Every structure is written in structure tokens, then in C-alpha cells.
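Scroll down for the structure; my scribbles are underneath it.
The values are calculated or read from the model by the stated rules, or taken from the named source; none is laboratory data. This one's a predicted model, so the numbers in the text were calculated from it and none came from an experiment. So basically every Cβ, Gly included, is an ideal-geometry build from the backbone, and we count neighbours across all protein chains shown. Remember, those area values only see protein heavy atoms, side chains included, never the ligands or the DNA or RNA. Shrake-Rupley method; radii C 1.70, N 1.55, O 1.52, S 1.80 Å.
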Amino acid sequence: MLAKTYSAAVVGIDAFPVEVEINATKAGENSIVSIVGLPDAAVKESRERVRSAMQNCGYPHPPGMTVVNLAPADLRKEGAAFDLPIAMGILAASGFIDREKLASTAMAGELALNGKVRPIRGVLPIAMRLREEKHLTALLVPAENVQEAALASGDLPVFPVANLQDAVDYLKGKITSPYSGKLADIEQSDERQPDFNEVKGQSIARRAMEIAAAGGHNSLLSGPPGTGKSMIAMRLPGILPPMTLEETLETSRIHSVLGLLEPGRPLLRSRPFIAPHHTASDVGLIGGGKNPAPGAISRAHHGVLFLDELPEFKRNVLEVLRQPLETGNVSVSRANGNYIFPAKFILVAAMNPCPCGMASVHGCRCKPNEIRKYRGKISGPLLDRIDLHVEVMRLDEDELIKAPDGESSATILERVIAARQIQSERFGKSGIFCNAHMSPRDLQHFCRIGQSGETLLRNAIRRFSLSPRAYDRILKVARTIADLGGEHDIQEAHLYEAVNYRNYDRTDW
């Protein structure tokens, strides 16, 4: 007897519908199951999980030959999410449940040997894709994934199943009420965000972080060890505007595929802060692997990527950042296809000025060629893509002893949100959300400067040999500084401050 149901395969961060067909013939006494349709090892092993789960729930596995086809056959199927649809298909082909109702139902879930349905990765993109299949009337997912699925399922009803029997009861009409939770029901994170009022001194660095948050600009913090570079970077997410629902779903989808969403928290409600170790590989940073998956820069999508000890990263690892910093996504090419992972993030990097870290203070033991070699690990093209170059200086004894006197993150956030609102009105529905993402055409339209500003820039270009990219980024930063001040036009003072944030264009890097 033939039965079918639906599921989905996750490839990269996207899901694709999969039709699960089961044909059971009772010829022969032995029970044989064959799974076809380009399954990986985990899918092939579902034969034994399904067999044990059915037997432990009181459903005998049918004798004879059972063929399971996962269509389309040219799409590789990975993971254990096909356990539940395969089990339901075998039960329908054996006459235990209604085949017609099964044919309009989609499902995904891993089965334990006792029949329990375990949570799976990628439920968010699965629900987002299956809601587009208008012939489907329900989606069955593990109970622990139900909030995640319901957020993205649209009009497709979602039913939680804790075990195999729950799925059988739904298909027999014993369960009729879908999950009805709302966004407000999701547990909020109680983690306290680090606050800028805990930072002593460092007014220039704090100002640079405010500009970075307001305009989405990349930053490089350079200074001796212990001056607070990491401390300052960790407080940047706290002054970024709250994520929109669209941004939340995009970011949560990546973390869902990687299995990083916490139980009871199916959405990332705060912007991610990702800080990979300097031993990370290029694949770990941008994504890839045998079965391509997103890397650290995609996990930082709509958030902050913090690279501490920047020169300690391998040069080939740093160079792969060039494309994402320009385009906002990363393209991973493999023999079986091309994968596009989103990667719109704010880069914050930190480094010492020299190998011993003391180049800007008394006591540096490094020779000039050692300093050049150390800084040379960071290429000019990569440095060009960083808008704000900030020197973080050591505090004197008075600054160290007295209590912090800086503004709170909440106060800074108010100004950042006001500046972002100006940018939102400026760019409208163009798809640009902050000044850092302006195109050359946008620069011509929104970053016009007066005669005095033009003279200042001419002198800066001539004196510091600025590249065209550095020139564009100065204009973008100046535009953000003007927005923070509520100014419609870019003034000479805005340009002067923006040029001063190009420290390493003004030195023998």
C-alpha cells in the first residue's frame, strides 16, 4: 500500500520541501526497509530508530519490503528530522492511520527508541518554507520546537508532538487544537547587558562606539594591554537599536540551523555579540565545510563581530572578511552548489600597537622591523574597510582611582535611535538601514559638502594619500556625526572629526 506525507530538508540556511513516499508490500516474512532519495548516514539509520520506536509504542513493523522515497531525489537529505514522517508513512501504508489526512500534513522530528520525539535543528526555516505550500493543512513538530515553528508558520497550524502516539492521535482526529502561543509568551532573557557607565575615562573611544552604533561603522581599537579595549567593545550591542521583527527572524533562522537557540527562547531578542578566538580557521569564520554551514560572521548577522588580538589571526583568515564587509553576505562555492549566507555585522577589532603592547607608552622593547612585521599582518585593503581607527590610551592614576563618570548606555542609546530614525526617513524603502551601507550614488545625493569642507578633504587626500574607499568612508562617518548632532548638512567640523578617525591612514602603517 502506498502512502505519502511531507517534510523539509535544510540546505545551508534555507529549507526545501521533501515529499516522503512509502510503499509497503507484504510479500515475504522478513521486514526490510530501503530508503532512497540521496539520504546521508543519519537518514539511513532512521530505519532502526523508527522500527524500535514503533515496537515500543505498540505498533508492529510490517513484514515484507518497505521502500521509502525522499523526493526530489537529487537533493541531499541530512539529519534525523525525517524519522517522524517515515514512521507515520509506514503506519499509514500499514492501515493504522488515515492516508488522506497524512497526505496534507507536514512533519519533522527525531525519534528516540522509546517513541519520544526529540527536538531538531532548523525548525524556523522549515516552518517559513512549508507555510508557502498551500495544500498543507498542518505542521507537526517536536514539542520543544513548537514556539519556534509557530512564529514563522503564518497561517499553517502547528501541532506539538511529544511522542509517536501524539502524532497518531492527531491523524486519527483526537487532537484538534493547534498551538496558539504568541510572541509575547516567549520567555525574555534576564541577562544584564554591560553598561557604558562602568567604563572609566576613554571619552574618545566611547564617542567612536556611539558613532559606530549610529551609522553601522566598523571600528579598530588599538592600545596597550589592559586599557579597556575588550570592555568597550562588549558594550557596543547595548547601544544598538532594538532589532525589528524581520531582523529577529533573519538572525534567529541562522542560529536555529546551527542548533544554538536556547530552550524556551526560540528568538534572539538582543543583537548577537560573536567573539571567535584568534585560532579560528577561515571556514570557522565565514562558514563552509563538507556540508556548508554558516560561520561566525553569519552568527553575528545584525549584531557585532569582535576580533580581539587582530594581528594574531592568520592572514588568510582575515582576508576572507573583505567580501562580507563590502556586500553584507558571504558566498561559499562547492562542487554541489553555491551557498549564500547573510553577514551584515559591525566589525570591532582590537589590537596592541606592537608585539609587546607598549609602543605608545614608556618601556617598549620592540625593534622597528618587529613592529612593521606585526602590523603588516593586517593588509591595507582590510584596514581600508574599517571606518574608525581609535587609539585607546592608558589611564592616569586619577582616572583609575575615581569612580566612572561616563554616560549610561541608555542615554547613548537615545541619541543612537534618534540618528537611526533620521537615516530611516532619509533612505525610505531603499533597503538601506544605516549610513555605512550607502552606495556611491547615495553618497553623491546625501553627502554634499561645502567649499570649506571640500578644501579640508583635498588637503587630507593629498597629505595622507587617502584611497577612494577611505574617502567614501570619511563621508559616511561625517554623515553619521551630523545625524547625531541633528544637522541636515555636513559641516566642516563633522569632516574634521571623521578624518581624525583615520589614524592609520596618517601613520606609516
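Quick check, is ARG253 more than 30 Å from CYS364 (Cα to Cα), basic (Lys, Arg) and under 17 Å from the mean Cα position of the chain (by Cα)?
Values: more than 30 Å from CYS364 (Cα to Cα): yes; basic (Lys, Arg): yes; under 17 Å from the mean Cα position of the chain (by Cα): yes.
Taking the combined requirement at face value, the residue satisfies it.
Yes or no, residue by residue, for (1) among the small types (Gly, Ala, Ser); (2) within 25 Å of PRO178 (Cα to Cα):
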| residue | (1), (2) |
| --- | --- |
| LEU75 | no, no |
| PRO85 | no, yes |
| GLY89 | yes, yes |
| ILE97 | no, yes |
| LYS101 | no, yes |
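Only one residue in ARG473, ARG448, ARG462, ARG458 is within 31 Å of the chain's Cα centre (by Cα) and of a type in the set (D, E, K, R). Which one? I'd like the intermediate steps shown before the answer.
Details: ARG448 fails: within 31 Å of the chain's Cα centre (by Cα); ARG462 fails: within 31 Å of the chain's Cα centre (by Cα); ARG458 fails: within 31 Å of the chain's Cα centre (by Cα).
It is ARG473.
Looking at region 115-155, which of its residues are over 24 Å from ARG269 (Cβ atoms) and touching a residue at least 24 places away in the same chain (Cβ under 8 Å)? Talk me through it step by step, then tell me what you get.
Quick first cut of region 115-155, residues over 24 Å from ARG269 (Cβ atoms) only: 115-118, 130, 132-138, 140, 155.
Listed by number, the residues that qualify are GLY115, LYS116, VAL117, ARG118, LEU130, GLU133, HIS135, LEU136, THR137, ALA138, LEU140, ASP155.
May I ask you to say which residue of ASP398, ASP405 is open to solvent by 60 Å² or more (accessible area, probe 1.4 Å), of a type in the set (Asp, Glu) and not in a helix (DSSP H, G or I)?
Working: ASP398 fails: not in a helix (DSSP H, G or I).
Testing whether each residue is open to solvent by 60 Å² or more (accessible area, probe 1.4 Å), of a type in the set (Asp, Glu) and not in a helix (DSSP H, G or I) leaves just ASP405.
Filter region 85-107 for residues that are in a helix (DSSP H, G or I) and of a type outside the set (A, V, I, L, M, F, W, C) and give the result. First the steps, then the outcome.
Looking only at region 85-107, we keep the residues that are in a helix (DSSP H, G or I), and these are 85-93, 99-102.
PRO85, GLY89, ARG99, GLU100, LYS101 - these are the residues of region 85-107 that are in a helix (DSSP H, G or I) and of a type outside the set (A, V, I, L, M, F, W, C).
Go through the residues of region 116-130 one by one and say whether even a single one is open to solvent by 30 Å² or more (accessible area, probe 1.4 Å), modelled with pLDDT under 90 and outside any loop (DSSP other than H, G, I, E, B).
The answer is no; no qualifying residue exists.
Consider ALA27 carefully, then state whether it is open to solvent by 40 Å² or more (accessible area, probe 1.4 Å) and either at pLDDT below 90 or small (Gly, Ala, Ser) (or both).
Details: open to solvent by 40 Å² or more (accessible area, probe 1.4 Å): yes; either at pLDDT below 90 or small (Gly, Ala, Ser) (or both): yes.
Judged against the criteria, ALA27 is a match.
Answer yes or no as to whether LEU156 is touching an Asp or Glu at 6+ places or on another chain (Cβ under 6 Å) and either part of a helix (DSSP H, G or I) or surrounded by 18 or more Cβ atoms within 10 Å (Cβ to Cβ) (or both). Please lay out each step first, then the result.
Numbers: touching an Asp or Glu at 6+ places or on another chain (Cβ under 6 Å): no; either part of a helix (DSSP H, G or I) or surrounded by 18 or more Cβ atoms within 10 Å (Cβ to Cβ) (or both): yes.
No, not satisfied.
Within region 10-53, which residues are under 26 Å from VAL123 (Cα atoms) and in contact with a Pro (Cβ under 7 Å, 6 or more places away or on another chain)?
Selection gives VAL10, GLY12, ILE13, ASP14, ALA15, VAL20.
Name the single residue that is least open to solvent (accessible area, probe 1.4 Å) among those in region 452-475 being under 16 Å from ASP384 (Cβ atoms) and in contact with an Asp or Glu (Cβ under 7 Å, 6 or more places away or on another chain). Full working, then the answer.
So the first thing to find is which residues in region 452-475 are under 16 Å from ASP384 (Cβ atoms), and the list is 460-461, 464-475.
With the extra rule that they be in contact with an Asp or Glu (Cβ under 7 Å, 6 or more places away or on another chain), the set shrinks to 464, 466-467, 469-470, 473.
Values: PHE464: 44, LEU466: 24, SER467: 33, ARG469: 78, ALA470: 0, ARG473: 18 Å².
The extreme case among them is ALA470.
I'd like the residue in region 56-103 that is over 23 Å from LEU136 (Cα atoms) and β-branched (Val, Ile, Thr) and, out of all such residues, is least open to solvent (accessible area, probe 1.4 Å).
In this case the residue turns out to be THR66.
Considering region 276-311 alone, what residues qualify as being surrounded by fewer than 16 Cβ atoms within 10 Å (Cβ to Cβ) and touching a residue at least 40 places away in the same chain (Cβ under 8 Å)?
Result: ASN291, GLU309.
Can you give me the number of residues within region 436-451 that are among the polar types (S, T, N, Q) and either buried (at least 17 other Cβ atoms within 10 Å of the Cβ) or under 20 Å from ILE386 (Cβ atoms) (or both)? Before you say what the answer is, go through the steps one by one.
Of the residues in region 436-451, the ones among the polar types (S, T, N, Q) are 439, 444, 451.
Remaining after also requiring either buried (at least 17 other Cβ atoms within 10 Å of the Cβ) or under 20 Å from ILE386 (Cβ atoms) (or both): 439.
Residues meeting the conditions: 1.
State yes or no: is VAL18 in contact (Cβ under 8 Å) with a residue 60 or more places away in the chain, closer than 10 Å to LYS77 by Cβ, of a type outside the set (Gly, Ala, Ser) and open to solvent by less than 30 Å² (accessible area, probe 1.4 Å)?
Details: in contact (Cβ under 8 Å) with a residue 60 or more places away in the chain: yes; closer than 10 Å to LYS77 by Cβ: yes; of a type outside the set (Gly, Ala, Ser): yes; open to solvent by less than 30 Å² (accessible area, probe 1.4 Å): yes.
Spelling it out, VAL18 is indeed in contact (Cβ under 8 Å) with a residue 60 or more places away in the chain, closer than 10 Å to LYS77 by Cβ, of a type outside the set (Gly, Ala, Ser) and open to solvent by less than 30 Å² (accessible area, probe 1.4 Å).
Would you mention how many residues in region 217-233 are surrounded by fewer than 22 Cβ atoms within 10 Å (Cβ to Cβ) and at pLDDT 95 or above?
Residues that pass the stated criteria total 1.
Select, from LEU475, LEU413, LEU466, LEU456, the only residue that is of a type in the set (A, V, I, L, M) and not in a helix (DSSP H, G or I).
Details: LEU475 fails: not in a helix (DSSP H, G or I); LEU413 fails: not in a helix (DSSP H, G or I); LEU456 fails: not in a helix (DSSP H, G or I).
Only one candidate passes the filter, namely LEU466.
So which residues in region 378-395 are under 17 Å from ILE204 (Cα atoms), part of a loop (DSSP other than H, G, I, E, B) and out of contact with any Lys or Arg (no Cβ under 7 Å at 6 or more places or on another chain)?
The first filter runs over region 378-395 and keeps only residues under 17 Å from ILE204 (Cα atoms), leaving 386-395.
Now narrow it down to the ones that are part of a loop (DSSP other than H, G, I, E, B): 386-387, 392-395.
Within region 378-395, ILE386, MET393, ARG394 qualify.
Quick one: how many residues across region 324-375 are of a type outside the set (Val, Ile, Thr), part of a helix (DSSP H, G or I) and farther than 23 Å from ALA208 by Cβ? Step through it out loud before you land on a result.
Just the residues of region 324-375 that are of a type outside the set (Val, Ile, Thr), to begin with: 324-326, 328-329, 331, 333-339, 341-345, 347, 349-360, 362-370, 372-375.
Next, from what is left, pick out any that are part of a helix (DSSP H, G or I): 324-326, 368-370, 372-375.
With farther than 23 Å from ALA208 by Cβ added as a condition, the list becomes 368-370, 372-373.
Total meeting the criteria: 5.
Counting only residues that are hydroxyl-bearing (Ser, Thr, Tyr) and assigned to a helix (DSSP H, G or I), which one in region 478-509 is modelled with the lowest pLDDT? Outline the logic, then answer.
First pass over region 478-509, keeping only residues hydroxyl-bearing (Ser, Thr, Tyr): 480, 496, 501, 504, 507.
Subsequent filtering for residues that are assigned to a helix (DSSP H, G or I) retains 480, 496, 504.
Numbers: THR480: 96, TYR496: 93, TYR504: 71.
Looking at residues that are hydroxyl-bearing (Ser, Thr, Tyr) and assigned to a helix (DSSP H, G or I), I get TYR504.
Can you name the residue in region 254-271 that is open to solvent by less than 30 Å² (accessible area, probe 1.4 Å) and either outside any loop (DSSP other than H, G, I, E, B) or closer than 14 Å to HIS302 by Cα (or both) and, of all such residues, is modelled with the lowest pLDDT?
In this case the residue turns out to be LEU267.
Which of (1) under 25 Å from GLU250 (Cβ atoms); (2) open to solvent by less than 70 Å² (accessible area, probe 1.4 Å); (3) out of contact with any Lys or Arg (no Cβ under 8 Å at 6 or more places or on another chain) is the odd one out, the single condition ARG375 does not satisfy?
Checking ARG375 against (1) under 25 Å from GLU250 (Cβ atoms); (2) open to solvent by less than 70 Å² (accessible area, probe 1.4 Å); (3) out of contact with any Lys or Arg (no Cβ under 8 Å at 6 or more places or on another chain), the one that fails is (1).
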